[in-house]
Amino acid sequence: MKDWEVQAALQELETFKKPKIELEQYATPAELAGHFLCSAQRTYGDIEGKMVLDLGCGAGVLSVAAGMLGADSVTGVDVDEEALEISRRNRDESDLEDVIDFVRLNVADRGEKDQPVLPCFRGKFDTVVCNPPFGANRDRQQKGIDLLFLHTALNMVHSGGAVYSLHKSSTREHIQSTVEKWGATGEALGEYSWNLAKTYKHQKKATKDIAVDMWRVTPKRAAPSR
Amino acid sequence: MKGLTHNLLACLKCTGYPLRLVVKEADQLECEFEQEHIVRLMPKLDWDGLVALSEDMKEFLDAEAPALPKERPATLTTEHYKAIHHLTMEMQTVNGTLTCSKCNSKFQIRDAIPNMMLHEAGDA
C-alpha cells in the first residue's frame with residue numbers, strides 16, 4: 001500500500017471525544033502514524049508478516065496501520081476501557097478482526113517483582129509500536145513515563161526485533177544516552193511537527209505545535225564500525 | 001480474547017502459566033488458513049499453553065479439528081498446523097474467566113477483552 005493510501009484510511013478512524021487528561025489521550029495523527037509505519041515496513045521490513053505489539057494503543061491508530069501493512073497479528077494494550085472500545089470499533093471498521101486483538105492492562109503494573117517487562121506477557125514480539133504518554137502534565141502524569149514505556153517495549157521484543165516509538169524532540173539527547181545505557185541501539189529516524197488542536201480546557205492556545213521524533217530502537221548495541 | 005492472546009498471557013501477580021480458562025461465551029472467526037503464517041508463529045507459541053487452551057475450550061472447538069498431542073511432536077504436519085490455526089486465530093472467548101493455578105488470581109474477560117489490571121485481579 002502506498003503511504004497516502006494508509007494515511008487516507010487512518011484519517012477516517014474514530015478519535016477521542018472525551019479524552020482523559022490524566023492519561024494524556026490523543027489519537028496519533030493519521031499522517032504521522034502512516035508515515036512512521038510505512039517507513040518501518042519499507043526500510044526495515046518490520047511490519048509485514050510480523051507479530052506486533054501496540055503498547056498503549058489508545059484509539060488504535062497504530063494497530064490499524066500495522067494491520068493494513070500486513071502484520072501477522074497485532075496485540076493492542078491499553079489501561080482505559082473506553083479507549084479500547086474506540087480501538088475495537090476502528091479495528092472492525094477496518095476489517096481487521098482477524099489480525100488485531102486487545103488486552104486491558106497498565107504498563108506501569110509490576111506484580112510481585114519490580115521488573116522492566118510486563119510480567120503478564122510471556123514470549124516475545126517481532127515489533128513493538130508505541131505512542132507513549134509524554135509525561136507532559138507534570139504532577140498529573142508520572143515523570144519519565146515515556147521512558148518507562150520505551151524500556152518496557154524493548155523488553156517485549158526478541159533480540160532481533162525492533163521498537164518504534166514517538167518522543168518529544170526536546171528529549172532527543174536524553175533518550176539517546178538512556179538507550180545506550182540500557183545496552184540498546186537507537187536511531188531518531190525523523191522529526192514530525194504535530195499540531196495539537198486545543199484538547200483540554202486548561203489549554204490557552206487554540207493549537208499547539210509539538211515536535212516529535214520517530215525512534216527506532218533495537219535491543220542490541222550496534223557493532224562498532226571499523 | 002483470541003487463542004493466540006491466551007498463549008501469550010501469564011499471571012500478572014506471580015507469572016504462573018498457563019492461565020486456565022472458563023468460557024461463558026465463545027465466538028469463532030472465519031480466518032483463512034495460511035500454513036506459512038502458522039509456521040512463522042510456532043517459535044513464539046508455548047505448546048503447553050496450546051494444550052491447556054484446547055482442553056478448556058474443548059466443547060467449542062470444531063468437531064473435526066484434530067486434538068493436539070500433550071507432547072509437542074518432533075515434526076508438525078499440516079493437520080497440526082490447521083488445528084493450531086483454528087485454536088489461535090479463529091477461536092475467541094467473548095466472556096469468561098482466566099485463573100492462575102499457582103496463586104488463584106482471577107482475570108475477567110468481557111466483550112472479548114481480558115482485564116489484566118493488577119488492582120482488579122480477584123482471588124477465589
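The values are calculated or read from the model by the stated rules, or taken from the named source; none is laboratory data. Computed from a prediction, not measured in an experiment: that's the story for all the values here. Virtual Cβ from ideal backbone geometry, glycine too; neighbours counted across all protein chains shown. To get the accessible areas, we keep the full protein, side chains included, count just its heavy atoms, and leave off ligands, DNA and RNA. Shrake-Rupley method; radii C 1.70, N 1.55, O 1.52, S 1.80 Å.
Among the residues of the range A:92-108 satisfying the criterion of being at pLDDT 95 or above and open to solvent by 20 Å² or more (accessible area, probe 1.4 Å), which is farthest from A:Ala40 (Cα to Cα)? Explain how you work it out, then say what you get.
At the first step, the residues of the range A:92-108 found to be at pLDDT 95 or above are A:92-104.
Then keep just the ones that are open to solvent by 20 Å² or more (accessible area, probe 1.4 Å); that gives A:92-95, A:97-99, A:104.
Numbers: A:Asp92: 24, A:Glu93: 24, A:Ser94: 20, A:Asp95: 22, A:Glu97: 22, A:Asp98: 22, A:Val99: 18, A:Arg104: 26 Å.
Taking the candidates together, the pick is A:Arg104.
(1) more than 10 Å from chain B (Cβ to nearest Cβ); (2) open to solvent by 10 Å² or more (accessible area, probe 1.4 Å); (3) farther than 22 Å from A:Tyr192 by Cα: which one isn't true of A:Val79, the others all being true?
(1)
Being acidic (Asp, Glu), over 16 Å from the mean Cα position of the chain (by Cα), at pLDDT below 95 and in a strand (DSSP E or B) is the requirement here; does A:Asp209 meet it? Lay out the reasoning, then the answer.
Details: acidic (Asp, Glu): yes; over 16 Å from the mean Cα position of the chain (by Cα): yes; at pLDDT below 95: yes; in a strand (DSSP E or B): yes.
Criteria met by A:Asp209.
So A:Val52 fits all but one of (1) open to solvent by 10 Å² or more (accessible area, probe 1.4 Å); (2) within 13 Å of chain B (Cβ to nearest Cβ); (3) outside any loop (DSSP other than H, G, I, E, B); (4) not basic (Lys, Arg); what number is the exception?
Failing condition for A:Val52: (1).
Quick one: in the range B:78-96, of everything that is aliphatic (A, V, I, L, M) and more than 11 Å from the chain's Cα centre (by Cα), which residue is farthest from B:Ala65 (Cα to Cα)?
Let us first name the residues in the range B:78-96 that are aliphatic (A, V, I, L, M), namely B:83-84, B:87, B:89, B:91, B:94.
Those left that are additionally more than 11 Å from the chain's Cα centre (by Cα): B:83, B:94.
Details: B:Ala83: 6, B:Val94: 21 Å.
Only one residue fits best here, namely B:Val94.
Test of understanding: among A:Gly111, A:Gly70, which residue is within 12 Å of another protein chain (Cβ to nearest Cβ), farther than 19 Å from B:His6 by Cβ and either modelled with pLDDT of 95 or more or not in a strand (DSSP E or B) (or both)? Let's see the steps before the verdict.
Details: A:Gly111 fails: farther than 19 Å from B:His6 by Cβ.
Exactly one of A:Gly111, A:Gly70 is within 12 Å of another protein chain (Cβ to nearest Cβ), farther than 19 Å from B:His6 by Cβ and either modelled with pLDDT of 95 or more or not in a strand (DSSP E or B) (or both), namely A:Gly70.
Taking the residues in the range A:124-144 that are at pLDDT below 90 and surrounded by 18 or more Cβ atoms within 10 Å (Cβ to Cβ) as candidates, determine which candidate is nearest to A:Trp182 (Cα to Cα).
Pass one, the range A:124-144, residues at pLDDT below 90: A:124, A:134-144.
Checking the rest, the ones that are also surrounded by 18 or more Cβ atoms within 10 Å (Cβ to Cβ) come to A:124, A:134-135.
Details: A:Lys124: 18, A:Phe134: 20, A:Gly135: 20 Å.
For the range A:124-144, the residue satisfying everything is A:Lys124.
If B:Glu71 passes every condition in (1) among the charged types (D, E, K, R); (2) free of Cβ contacts under 8 Å to residues at least 40 places away in the same chain; (3) not in a loop (DSSP other than H, G, I, E, B) but one, which one does it miss?
The one condition B:Glu71 does not meet is (3).
B:Glu79 - would you say it is open to solvent by 60 Å² or more (accessible area, probe 1.4 Å), more than 12 Å from chain A (Cβ to nearest Cβ), at pLDDT below 95 and in a loop (DSSP other than H, G, I, E, B)?
Working: open to solvent by 60 Å² or more (accessible area, probe 1.4 Å): yes; more than 12 Å from chain A (Cβ to nearest Cβ): yes; at pLDDT below 95: yes; in a loop (DSSP other than H, G, I, E, B): no.
No: the conditions fail for B:Glu79.
Among the residues of the range B:27-35, is there at least one that is assigned to a helix (DSSP H, G or I) and either open to solvent by less than 10 Å² (accessible area, probe 1.4 Å) or modelled with pLDDT of 95 or more (or both)?
From the range B:27-35, those assigned to a helix (DSSP H, G or I) are B:35; that's our starting set.
Subset that is either open to solvent by less than 10 Å² (accessible area, probe 1.4 Å) or modelled with pLDDT of 95 or more (or both): B:35.
Scanning the range B:27-35 turns up at least one residue that is assigned to a helix (DSSP H, G or I) and either open to solvent by less than 10 Å² (accessible area, probe 1.4 Å) or modelled with pLDDT of 95 or more (or both).
Restricting to the range B:85-113, give me the number of residues that are within 13 Å of chain A (Cβ to nearest Cβ) and touching a helix residue (DSSP H, G or I) at 6+ places or on another chain (Cβ under 7 Å).
Looking only at that region, the number is 5.
Can you tell me which residues in the range B:82-111 are assigned to a loop (DSSP other than H, G, I, E, B) and open to solvent by 10 Å² or more (accessible area, probe 1.4 Å)? If you could, list the steps in order and put the result at the bottom.
Applying the first criterion (assigned to a loop (DSSP other than H, G, I, E, B)) to the range B:82-111 yields B:100-105, B:111.
Residues satisfying the conditions are B:Ser101, B:Lys102, B:Cys103, B:Asn104, B:Asp111.
Restricting attention to the range B:53-61, does a residue exist that is of a type in the set (A, V, I, L, M), under 19 Å from A:Val99 (Cβ atoms) and within 14 Å of another protein chain (Cβ to nearest Cβ)? Outline the logic, then answer.
To start, the set of residues in the range B:53-61 that are of a type in the set (A, V, I, L, M) comprises B:53, B:57, B:61.
Within this subset, residues satisfying the condition of being under 19 Å from A:Val99 (Cβ atoms) are none.
Checked against the condition, which is being of a type in the set (A, V, I, L, M), under 19 Å from A:Val99 (Cβ atoms) and within 14 Å of another protein chain (Cβ to nearest Cβ), the range B:53-61 yields no hits at all.
Can you tell me how many residues in the range B:4-26 are touching a Gly at 6+ places or on another chain (Cβ under 9 Å) and not in a loop (DSSP other than H, G, I, E, B)? It would help to see each step written out before you state the result.
First pass over the range B:4-26, keeping only residues touching a Gly at 6+ places or on another chain (Cβ under 9 Å): B:6-15, B:17-19, B:21-26.
From what is left, the residues that are not in a loop (DSSP other than H, G, I, E, B) are B:6-9, B:21-26.
Residues flagged as touching a Gly at 6+ places or on another chain (Cβ under 9 Å) and not in a loop (DSSP other than H, G, I, E, B) within the range B:4-26 amount to 10.
Looking at the range B:36-57 only, could you name the residues that are open to solvent by less than 40 Å² (accessible area, probe 1.4 Å) and either of a type in the set (Ser, Thr, Tyr) or over 21 Å from B:Gly96 (Cα atoms) (or both)?
Residues satisfying the conditions are B:His37, B:Ile38, B:Leu41, B:Met42, B:Leu45, B:Asp46, B:Trp47, B:Ser54.
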